[in-house]
Each structure stands twice: as C-alpha cells, then as structure tokens.
Amino acid sequence: MTQETLPPSAAAPADAPGTVGGALRALRTARGWSLEDVSSRIKFSPRQLQALEEERWEALPTGVSLRGLIRNYARLLGADGDVIAASLDGVAPSPGPARPPVRGTHARSAAGMSMDEERASSGSWGWLVAILIVVAIVVAYAFWQGWLPQEWLSFQWLAHALFQ
C-alpha cells in the first residue's frame, strides 16, 4: 500500500476554528440553524454553503462573488463580514489574471468611451429614430383622415411665413 499525501487544504479540517469555513460553521451551529435555514435567508444554495464550510473552493465562485457570499453569510450570523472575507487572502484561490480585452469590445475610442458605452449611446439614437418614424406615421394618418388642414401639406405656408 502506498501512502498518499493530502493537499494542504484537506490536511486542516474545515471545523478548525482558525479556518473561514470552520468559523462560519461554528457560528451557524451556535445559533441552531441548518444550512437550509441560512440558504433561505441569504439566497445561496445549501450546496454552496456546505462547500464554503468545508472549504471546497473549486465548488464555489471566485473573486467578488465568493467574497460577497462570505460577507452575507457572516453578517447573517452576526459576525464582521469584511474581516472574514479579508481572511480569505492566501486561503481561497484568486480569480486568476485578468484577460486582455478582446479587440473591439472593450477598447477605448477617441472620445474616451468604451465600445459598450458607445453601443448603449447608439441604442438611444435607435429609440429616437423609432419615435420619429412613429410620429411621422401618426401625422400622415392625421392628414389622410382630414384632421389636419390640407394647406399644411404644401410648403406655401412656410414660404409665406418666412418671407413676410
């Protein structure tokens, strides 16, 4: 038989008071709450909460989502969520290096706006054009129904107004 060495995270039990998961589990059990009780209050699944208490980081989101989960869980239990989330440094895996932006999607334009901002800005122009088209259709319908004076159709009234 060969003896396998356990990874550092598996060597320290999650129930140890010095671990993030152990601290959260101890606080939860001290209040007499089940994982389902906590899950219904902070809207994370019991499976995620159990993975957090057992410090199975591969089963959890990374980065801001993980820190948000820990903050919410700790605050619900009456602990300082920021302190517990800060204790993750060096324990939980970091989200990894930031990927370089894909060309054309997040690049900055000459005006200093990202492509996403420009796309949102152009979306408002699309709405403006759509509204103008609807207004033109309504005005054309009003002329067709005779609700507006027919002399408005000729531009003589405009020439009369401008040159007199």
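The values are calculated or read from the model by the stated rules, or taken from the named source; none is laboratory data. If you're wondering where the values come from, they're calculated on a predicted model, not measured in any experiment. Cβ sites come from the backbone with ideal geometry, for glycine too, and all protein chains shown count toward neighbours. To get the accessible areas, we keep the full protein, side chains included, count just its heavy atoms, and leave off ligands, DNA and RNA. Shrake-Rupley method; radii C 1.70, N 1.55, O 1.52, S 1.80 Å.
Summary table below
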quantity: Subset tally (residues that are touching a Ser or Thr at 6+ places or on another chain (Cβ under 8 Å) and not polar (S, T, N, Q)) for segment 58-78; calculated: 1
quantity: Entirely in segment 12-61, the helices (runs of 4 or more DSSP H) that have 1 or more residues that are at pLDDT below 85 and open to solvent by less than 40 Å² (accessible area, probe 1.4 Å); calculated: 20-31
quantity: Filtered residues of segment 75-93 (kept if modelled with pLDDT under 85 and open to solvent by less than 60 Å² (accessible area, probe 1.4 Å)); calculated: GLY81, ILE84, ALA85, ALA86, SER87, LEU88, ALA92
quantity: Pairs with Cβ under 8 Å, 6+ apart, first in segment 18-42 and touching a residue at least 24 places away in the same chain (Cβ under 8 Å), second hydroxyl-bearing (Ser, Thr, Tyr) and in a helix (DSSP H, G or I); calculated: LEU24/TYR73; VAL38/TYR73; ILE42/TYR73
